[in-house]
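Chemist: Quick one: structure below, then a few questions.
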Amino acid sequence: MATKTTDAKLADMQKDMVEVGGKQHMTTDYGVKISDPDHWLRVASESRTGPSLLEDQIAREKIMRFDHERIPERVVHARGTGAFGTFKLFESAEDVTTAGVLTDTSRETPLFLRFSTVQGSKGSADTVRDVRGFAVKMYTDEGNWDIVGNNIPVFFIQDSIKFPDVIHSVKPEPHNEVPQGQSAHNNFWDFQYMHSETTHMNQWIMSDRAIPRSYRMMQGFGVNTYSLINAQGKRHFVKFHFTPELGVHSLVWDEALKICGQDPDFHRKDLMDAIDAGHFPRWKFGLQLIPEEKMDDFEFDPLDATKVWPEELVPIRYIGQLELNRNVDEFFPQTEQAAFCTSHIVPGIDFSDDPLLQGRNFSYFDTQISRLGPNWQELPINRPVCPYMALANRDGAMKHRITKGTVNYWPNRFEANPPAEPSQGGFVSYPEKQQGMKLRALSDKFKEHHNQAQTFYNSLSEIEKIHVAKAFSFELDHCDDPVVYKRMTERLASISLDLAKTVAMNVGADTPSKALKENKGQKAKGLSQLEYLPEKPIIVTRRIAILVGDGFDYASYTTMKETLQSQGAFVFTIGAQRQGVKAESGETVVPDHHFNGMRSTLFDAVFVPGGKHVANALSKNGVAKFWITESFAHLKPIAGLNEAVPFIEKQIGLSDVKVASSGTAGLESYGVVTGYGEAAATLKVANVGPNSKGLAEMFIWH
Ligand code: HDD
């Protein structure tokens, strides 16, 4: 029995839901109960297994259904996962739009959000270096509104006609289908060099933005320029922003690479676990608005998707909140079959002449036909929750909605299902005056490609800049054609001579002697991800490992575990063996994993309680020792007590880890917190920094 709900989309989907379990017998697709699901009907006796019979309608149905289980994966963004949620406004935007979803503060609009990577196939790993998709489908009272965005605010190309080229260049190469889930290859960087308009996006994808810690910890951007139309018919151009409550955080590259193999589902599990635990991820929703008459006031063209609208010039106005609060029940019908279209807008919202958006409006609508067939809009995940009557859109493969009545055209003699006047909510396109030559061209302002790329690079912190240099060095190291890595390195001299020189040295390109474009040090707001830290450092949903073996100190173990859990952290006991680990004081703890079952990379921090287990188990186990070394290398908070202190000190090879004297609070160094004596009994955890900054805040002693 479906549970009663006030969520309109959940109620809608429940009409099509059945549930595994209970006393209902197993049946065929046509409803006949099955008596023996394990044997094909065949000629057989006790001594002989004879031929299987084609007559077996039950076996044939089962095999046929299996043979056709797969549908084409998305041509890009094939790897992804999603969740349901709600959108609420805390401020009406009625001064700029008539859209109910952006003006009615009493509404809770149900939504579905799908996150994705771009390059890899459906089965590729989550933590690859890539752009992340951020596609939102809002089931509004006036129809579905899709924002098909990314976690990076700009795009590679300006004109949609180049999309097949940029995607072909990044996808596995055509002759050998290599590499999977990577942009580190000749064709990608060849294309990037050949199109200097990609220079800005290159900086973003080589930054830490392309290796997020979690889908919950990244921004979402609509990227394209849309329009909002108010009741007076006035138009504002708009860009959509989603800013995560948890802040923006990234993995470090070595960690990301390892997680690809250690847990390819890292991000999708992270999202599901947080929602299951009731820690619902939230994003503030904001608008950047430019009144129509101001569109020519900028040195860039606001319709160019390779440019951001600098926040100094166009501030973000936050008006709402998006929350994810429900996992899907079944992946295929609720995520794989989700179909987003940039062309799905509702009254009060309109397109712009953004040349990338215009092409997208054709492409998404079109691609769903090869993935799902012409009736994809009827699938439960895609259909609207408001009443709808597409009078003339009938038939086609896999039609399943039944429309009663004798007419399927307009006008009809009954005046059945008449069109709506604008005052009744009918969609009217903004009546824009158009005049011009028919040409294959873009306006002149689209020709400038480097200013914002430089500003992005200049705005990064020193550590972020180092990461960019390392990322370019990794990528170009994987290009074996000297033409590709040499030319691309040269291009970097139009951003920063230092960056170009470092990369040239690493990848074996010629060291550039002069900058290709003067860098005047221009910086801007909102580009460095360090600007997006939560107001107060929090540890909620952070994964923290406690390493224990036989002989560990039970008191400090439980104090730390309970304190961390009380603050919403996910705490895991990693033990020498999962059969049980015995504390010095006799208690037995059953670890969640044993040393070899997990890796430090899958956790945000590690704690080692004191006790004899350090000598008995940890010091004798290479994996446990490496856990500490690797955590340190990945800049993670490490804490240890008593006997654990010299153990930690040894693994990280630090001579200046400061150690408090017996009974007093511990001290910290490089994100390592250690302490001797009675401290364990009064251990409290307060602030925790994100894993790339403020690491030493992790454990605070009172
Ligand atoms: Fe796209 C999927 C985001 C440019 C053509 N795109 C897709 C998805 C996201 C984006 C998040 C996955 C949707 C899902 O989860 O199902 N794409 C973007 C952004 C772009 C962009 C932010 C730049 C502003 N895309 C873009 C262009 C074209 C496409 C210029 C073609 C002209 N994109 C597609 C597609 C996909 C797609 C081929 C594959 C699967 C799908 O649409 O539903 O049509």
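Chemist: Give me the net charge of Asn186's neighbourhood, meaning all other residues with Cβ under 9 Å from the Cβ of Asn186; Lys, Arg count +1, Asp, Glu -1. Please list the in-between numbers first.
Modeler: Details: positive: none; negative: Glu173, Asp190, Asp480, Asp481.
Local net charge: -4.
Chemist: Could you give the accessible area per residue of the stretch 201-240, probe 1.4 Å, as a whole number in Å²?
Modeler: Numbers: 550 Å² over 40 residues.
I get 14 Å² per residue for this part.
Chemist: Which of the GluC sites (Glu not before Pro) found in the stretch 256-304 are in a DSSP loop and have at most 16 neighbouring Cβ atoms, other than their own, within 10 Å? Can you show the working numbers first?
Modeler: Values: sites: Glu292, Glu293, Glu299; in loops: Glu299.
For GluC sites (Glu not before Pro) across the stretch 256-304 that sit outside H, G, I, E and B with at most 16 neighbouring Cβ atoms in 10 Å, the list reads Glu299.
Chemist: Now, a different point. Using the structure shown, select from Lys470/Lys636; Lys162/Lys523; Lys239/Lys445; Lys171/Lys445; Lys582/Lys620 the pairs with a Cα to Cα distance greater than 21 angstrom. Show your work: numbers first, answer last.
Modeler: Values: Lys470/Lys636 19 Å; Lys162/Lys523 30 Å; Lys239/Lys445 19 Å; Lys171/Lys445 30 Å; Lys582/Lys620 17 Å.
Going by Cα-Cα distance, Lys162/Lys523; Lys171/Lys445 fall outside the 21 Å limit.
Chemist: Continuing with the same structure: Tell me, what is the percent relative contact order of the stretch 453-531, built from C-alpha pairs under 8 Å that lie six or more residues apart? Don't jump to the answer; show the numbers that get you there.
Modeler: Working: 94 pairs, mean separation 32.5, N = 79.
Dividing the mean separation by the residue count of the stretch 453-531 yields 41 percent.
Chemist: Sticking with this structure for a sec: Would you kindly work out the equivalent ellipsoid of the stretch 511-555 from its C-alpha gyration tensor and give its semi-axes, the square roots of five times the eigenvalues, largest first in whole Å? Let's see the in-between values first.
Modeler: Working: eigenvalues 444, 80, 9 Å².
Listed largest to smallest, the semi-axes of the stretch 511-555 are 47, 20, 7 Å.
Chemist: How much net charge surrounds Ala390 when only the other residues with a Cβ under 10 Å from the Cβ of Ala390 are counted, with Lys and Arg +1 and Asp and Glu -1? Show your work: numbers first, answer last.
Modeler: Values: positive: Arg394, Arg401; negative: Glu378.
With Lys, Arg at +1 and Asp, Glu at -1, the net is +1.
Chemist: Right, next: Write down, largest first, the equivalent ellipsoid semi-axes of the stretch 80-378 in whole Å, where each equals the square root of 5 times an eigenvalue of the alpha-carbon gyration tensor. Write down the numbers at each step before the final one.
Modeler: On the way: eigenvalues 166, 113, 70 Å².
After diagonalising the Cα gyration tensor, the semi-axes are 29, 24, 19 Å.
Chemist: Right, here's the next one. What whole-number value in cubic angstrom gives the convex hull volume per residue for the C-alpha atoms of the chain?
Modeler: Details: hull volume 162.3 nm³, N = 702.
Given the Cα convex hull of the chain, per-residue volume reads 231 Å³.
Chemist: Taking Cα pairs under 8 Å and at least six residues apart, what relative contact order does the chain come out at, in percent? Intermediate results must be reported in sequence, preceding the final value.
Modeler: Numbers: 1400 pairs, mean separation 77.9, N = 702.
Relative contact order comes out at 11 percent.
Chemist: Separation between the Thr28 and Met194 pseudo-spin-labels, each 7 Å from Cα along Cα→Cβ, expressed in nm?
Modeler: 5.5 nm
Chemist: While we're here: Using the alpha carbons of the stretch 234-375, what is the convex hull volume per residue in cubic angstrom, as a whole number?
Modeler: On the way: hull volume 26.2 nm³, N = 142.
Residue-normalised Cα hull volume stands at 184 Å³.
Chemist: OK, next. Across the stretch 365-373, in residue order, what do the Karplus-derived ³J(HN,Hα) couplings come to in whole Hz, using 6.51 cos²θ - 1.76 cosθ + 1.60 with θ = phi - 60° and x for Gly and Pro?
Modeler: 4, 6, 5, 5, 5, 6, 7, 10, x
Chemist: Provide the packing ranking of 379-386, 48-55, i.e. peptides ordered by the mean count of other C-beta atoms within 10 Å per residue, highest first. Please report the intermediate quantities before stating the final value.
Modeler: Working: 379-386: 19.0, 48-55: 10.0.
Highest-to-lowest ranking by the protection proxy: 379-386, 48-55.
Chemist: Once you list every other residue whose beta carbon is under 15 Å from the beta carbon of Gln424, what net charge do they have if Lys and Arg are +1 and Asp and Glu are -1? Working shown, then result.
Modeler: Values: positive: none; negative: Asp141, Glu142, Glu415, Glu421.
With Lys, Arg at +1 and Asp, Glu at -1, the neighbours total -4.
Chemist: Of all GluC sites (Glu not before Pro) in the stretch 401-465, which ones are in loop regions per DSSP and have a Cβ with at most 15 other Cβ atoms within 10 Å? Intermediate values should be presented prior to the final figure.
Modeler: Working: sites: Glu415, Glu432, Glu448, Glu462, Glu464; in loops: Glu415, Glu432, Glu448.
Here the GluC sites (Glu not before Pro) that fit, given the DSSP loop and packing criteria, are Glu415, Glu432.
Chemist: Report ³J(HN,Hα) in whole Hz for each residue of the stretch 397-407, in order, from the Karplus equation J = 6.51 cos²θ - 1.76 cosθ + 1.60 where θ = phi - 60°; Gly and Pro get x.
Modeler: 4, 6, 5, 10, 6, 9, 10, 7, x, 9, 10
Chemist: So, R0 is 41 Å and r is the distance between the beta-carbons of Val178 and Glu448; what FRET efficiency does that work out to, to 0.05? Walk me through the numbers on the way to the answer.
Modeler: Details: r = 35 Å, r/R0 = 0.86.
About 0.70, to the nearest 0.05.
Chemist: If you don't mind, another one. If you project the alpha carbons of the stretch 453-531 onto their three principal axes, what span does each projection cover, largest first, in Å?
Modeler: Sorted largest first, the three principal extents are 37, 23, 15 Å.
Chemist: To the nearest Å, what is the center-to-center distance of the stretch 230-278 and the stretch 347-425, using C-alpha atoms only?
Modeler: Distance between centres, Cα-based: 30 Å.
Chemist: Still on this model: Anything over 27 Å Cα to Cα? Flag those among Lys137/Lys465; Lys294/Lys536; Lys137/Lys258; Lys258/Lys465; Lys122/Lys447, in the order listed.
Modeler: Numbers: Lys137/Lys465 35 Å; Lys294/Lys536 37 Å; Lys137/Lys258 33 Å; Lys258/Lys465 22 Å; Lys122/Lys447 36 Å.
Flagged as over cut-off: Lys137/Lys465; Lys294/Lys536; Lys137/Lys258; Lys122/Lys447.
Chemist: Between Met398 and Ser513, how many nm apart are label points set 7 Å from Cα along the C-beta direction?
Modeler: 6.3 nm
Chemist: Going highest first, how would you order 58-64, 641-647 by mean Cβ packing within 10 Å?
Modeler: Working: 58-64: 14.6, 641-647: 22.7.
So the peptides 58-64, 641-647, ranked by packing, come out 641-647, 58-64.
Chemist: Using DSSP to define loop residues, name the GluC sites (Glu not before Pro) in the stretch 68-107 whose beta-carbon has at most 13 other beta-carbon atoms within 10 Å. Before the final figure, lay out each step's value.
Modeler: Values: sites: Glu69, Glu73, Glu91, Glu94; in loops: Glu69, Glu73, Glu91, Glu94.
Sites meeting the loop and neighbour criteria: Glu69, Glu91.
Chemist: Note down the Stokes-Einstein diffusion coefficient of the stretch 348-432 in µm²/s, whole number, using a Kirkwood radius over alpha carbon pairs, 4 °C, and 1.567 mPa s. Can you show the working numbers first?
Modeler: On the way: Rh = 15.7 Å.
For these conditions, the coefficient is 83 µm²/s.
Chemist: Also, I was wondering about something else. Along the Cα→Cβ direction, 7 angstrom out, place labels at Glu415 and Ser343. What is the inter-label distance in nm?
Modeler: So the two model labels end up 3.1 nm from each other.
Chemist: For the stretch 80-378, what's the relative contact order in percent, using C-alpha pairs closer than 8 Å and at least 6 residues apart?
Modeler: On the way: 639 pairs, mean separation 72.9, N = 299.
Rounded, it is 24 percent for the stretch 80-378.
The values are calculated or read from the model by the stated rules, or taken from the named source; none is laboratory data. Just so you know, these numbers come straight off a predicted model, no measurement behind them. Please note: Cβ atoms are built from the backbone with ideal geometry, for glycine as well, and neighbour counts cover all protein chains shown. Accessible surface areas use protein heavy atoms only, side chains included; no ligands, DNA or RNA. Shrake-Rupley method; radii C 1.70, N 1.55, O 1.52, S 1.80 Å.
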